[in-house]
Amino acid sequence: MTAVLEGVRVLDFGRYIAGPWCAAVLADLGAEVIRIEKISGSEDRYVMPITPQQDGASYMQMNRNKLGMTLNPMKDEGREIVRKLVATADVVVANLPPSGLTAMGLDYESLKAVRPDIILTTVTAFGTGGPASDRVGFDGVAQALSGAMYLSGPPGRPTKTITNFADFGTALSSAIGTLAALMHRDKTGEGQHVEGSLLGTALTFMAANLIEQAAIKPDRVSTWNRSQGAGPADTFATRDGWILVHCVGEPLFRRWCRLLGQEALLDDPRFVSDQARGDNGEELSELMAAWCAERTTEEALTALDEARIPAGQVYAPQQALDDAHIQAMGFLQAVDYPGLPDGKGAFVSDTPVRFSSLRAGVHRRAPTLGEHTNTILQELGYSETDIAALREQGVV
């Protein structure tokens, strides 16, 4: 099998999640991705540290399959290296505000001057063109502004999700945009600027709620884990844990009624549709909670599976790692990394899609700090003496 992006070079100036994960997806598909970071290591390298050198779990996930070099593009010699790298590249990925891109020579006009058909993929918090364009922000800010936090968590206590959905969603949509730009370039020879934003992604993920609010003004408030558009759909305590049950659609509701011996509810006008069941879901959740409280997690899930009702155990992280199906499917891949204890690989997620005729997936651990700097500079024509001088000057 072939890798669809084999021969494509990507320069990754991203930080944290949205930029680096976009580049990691491209690397999964076969692109050669060079992560470029500060000489001392960029801040995102040290998030959730798990090695003696403080390299972090998040860094290992976001930067697998990449080469790594250090560089200071604010020095004249560093900007010259950037220009030489850009001349060899197809794509530049950066999640920096416009002023930062310009200062580093990574704005689209500067890149085009070096390579006219270059593709620049940028991610910002708020997008460009509006009054908030130059503000800084992370995933949580986008969650807050989209309405997602307001409708999450206990009533009256806006809650951010532990997973960074705006970051990861923006990364994936930006990767799709980059692939589209590469296809366009193949047809026309033109490069372009691809832009993603955390707020745009969060609003996209919240679109149904925003459409409903604009159309009929329900002014919804949080119902915690209970769905507002179907039922029963909630989390429930069993005798030894927690499960989530999610009924959507008439066939599932009928099966649930039969399982609980509540067929009379099928003729109750309060539960005539998904929306009606969502509007009156508190009573359905109370019935399900009583049923679950009498059973162990295994007993409840066995009965629900036999009735073909979607349900799952609420796992702690270790339980997710230990799950037989997750292990059998290879969703997580153990990758060795310097400093980790023997036999304790970093369990990075594999490519989130699979192909029948294309090669994609995890094939290289994330690079240690500056691991490939010398090799990359030598490819650009720098001698060992040149590289030593650049190191002495604090350029690399």
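Report the normalised scattering of the range 126-202 as log10 I(q)/I(0) at q = 0.15, 0.19 Å⁻¹, calculated by the Debye formula with identical scatterers on the alpha carbons. For the range 126-202 at q = 0.15, 0.19 Å⁻¹, log10 I(q)/I(0) is -0.61, -0.82. If you take all C-alpha pairs in the chain, what percent of them are over 32 Å apart? Of all Cα-Cα distances in the chain, 46 percent exceed 32 Å.
Exactly which chymotrypsin sites (Phe, Trp or Tyr not before Pro) in the range 15-81 are in a DSSP loop and have at most 14 other Cβ atoms within 10 Å? Write down the numbers at each step before the final one.
Numbers: sites: Tyr16, Trp21, Tyr46, Tyr59; in loops: Tyr16.
Answer in residue order: no site qualifies.
Counting lysine pairs in the chain whose alpha carbons fall under 20 angstrom apart, excluding pairs fewer than 8 residues apart on the same chain, gives 7.
Over the chain, what is the percentage of antiparallel beta bridges among all DSSP beta bridges, to the nearest 5? Intermediate values should be presented prior to the final figure.
Values: 13 of 36 bridges.
Of those bridges, close to 35 percent are antiparallel.
Given a 10 angstrom Cα cut-off, can you work out which residue in Gly200, Gly130, Gly30 is the most mobile in a GNM of the chain? With Cα springs under 10 Å in the chain, the top fluctuation among Gly200, Gly130, Gly30 is at Gly130. Label sites at Ala316 and Lys75, each approximated as a point 7 angstrom past Cα along Cα to Cβ, lie 4.8 nm apart.
Given the DSSP H assignment, sum -39500 (n - 2.57) over each helix run of at least 4 residues in the chain and divide by its residue total; what's the result at 222 nm in deg cm²/dmol, nearest 500? All intermediate terms of the calculation are to be shown ahead of the outcome.
Values: 17 runs with 160 residues, N = 396.
Mean residue ellipticity, 222 nm, calculated: -11500 deg cm²/dmol.
Each value in this text was obtained by applying a stated rule to the coordinates, not by laboratory testing. Predicted, not measured: the structure shown is a model, and the values here were computed from it. Positions of Cβ are generated from backbone atoms using ideal geometry, with glycine treated the same way; all protein chains shown enter the neighbour counts.
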